[in-house]
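Scroll down for the structure; my scribbles are underneath it.
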Amino acid sequence: MTMNANVTQEAVPTANSQETPSYLAPCKPLSFSPEVFDFYGDPETVIEKIDNQHLPITERRMYFLLVESAQAAEMRFFERVSAELTAVFSWSGQSATELKTRIDEAVLTNRGVNCIGEQLKALINEGVELNLEGTVPAPATSRAAFAHTVRNNGAEGYLRATTGLLC
């Protein structure tokens with residue numbers, strides 16, 4: 001993912017505090033009902049499907065995109081760190097089959113008890129290493145957040161994109 005000139009490599013501020021900042025949605029109800037969607041096709045078809053789903057990323061503190069083809073996998077994990085900024089973490093590898101299974105199991109096991117965003121971020125980091133790419137202006141749409149990564153992984157022509165809306 002190519003970041004623009006506004007990217008910083010500084011430490012990521014945390015959104016955890018005694019008071020919930022106004023840019024964060026209530027964690028408890030969203031942790032109980034995270035949403036995960038799979039989209040299949042060539043990159044432009046997948047991007048159109050994501051657009052049509054109207055994913056409410058601006059209402060979430062944490063969300064992810066996992067793109068898989070027959071040859072490779074890439075994940076982008078987004079964490080809102082202020083009203084204006086989102087930290088972007090990444091991972092790439094040969095396959096995400098085990099990672100997807102672990103994510104699904106963690107959601108079912110958590111049952112909304114703990115913050116699902118924090119739970120999945122920790123779980124993902126146990127299995128693969130998420131690297132901080134930097135902080136960017138908070139994406140206004142799912143296309144702004146996801147399209148570049150989908151296109152970059154479409155060389156083989158057919159892929160699966162999994163989006164996860166967490167807390």
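The values are calculated or read from the model by the stated rules, or taken from the named source; none is laboratory data. None of the values given here were measured: they were computed from a predicted structure. Cβ sites come from the backbone with ideal geometry, for glycine too, and all protein chains shown count toward neighbours.
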Filter region 98-118 for residues that are in contact (Cβ under 8 Å) with a residue 24 or more places away in the chain and of a type in the set (S, T, N, Q); the one that is nearest to VAL67 (Cα to Cα) is ASN110
Looking only at residues that are part of a helix (DSSP H, G or I) and not small (Gly, Ala, Ser) in region 141-156, which one is farthest from LEU55 (Cα to Cα)? ASN152
Any chance you could count how many residues in region 32-54 are of a type in the set (S, T, N, Q) and either closer than 16 Å to ARG151 by Cβ or free of Cβ contacts under 8 Å to residues at least 12 places away in the same chain (or both)? 2
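Restricting to region 35-68, give me the number of residues that are charged (D, E, K, R) and either under 17 Å from THR86 (Cα atoms) or part of a strand (DSSP E or B) (or both). Before you say what the answer is, go through the steps one by one.
The initial filter retains those residues of region 35-68 that are charged (D, E, K, R), namely 35, 38, 42, 44, 48-49, 51, 59-61, 68.
Then keep just the ones that are either under 17 Å from THR86 (Cα atoms) or part of a strand (DSSP E or B) (or both); that gives 35, 38, 59-61, 68.
Final tally of qualifying residues: 6.
Could you tell me whether any residue of region 56-71 is surrounded by fewer than 19 Cβ atoms within 10 Å (Cβ to Cβ), within 17 Å of the chain's Cα centre (by Cα) and of a type outside the set (Asp, Glu)? I'd like the intermediate steps shown before the answer.
Within region 56-71, the subset surrounded by fewer than 19 Cβ atoms within 10 Å (Cβ to Cβ) is 56, 58-59, 69-71.
Right, trim to within 17 Å of the chain's Cα centre (by Cα) and you get 56, 58-59.
Subset that is of a type outside the set (Asp, Glu): 56, 58.
There is at least one residue in region 56-71 that is surrounded by fewer than 19 Cβ atoms within 10 Å (Cβ to Cβ), within 17 Å of the chain's Cα centre (by Cα) and of a type outside the set (Asp, Glu).
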Considering only residues that are in a helix (DSSP H, G or I) and either in contact with a strand residue (DSSP E or B) (Cβ under 8 Å, 6 or more places away or on another chain) or at pLDDT 90 or above (or both), which ones fall in region 124-140? ILE124
For region 75-119: of the residues being among the β-branched types (Val, Ile, Thr) and surrounded by fewer than 17 Cβ atoms within 10 Å (Cβ to Cβ), which is farthest from GLY154 (Cα to Cα)? VAL113
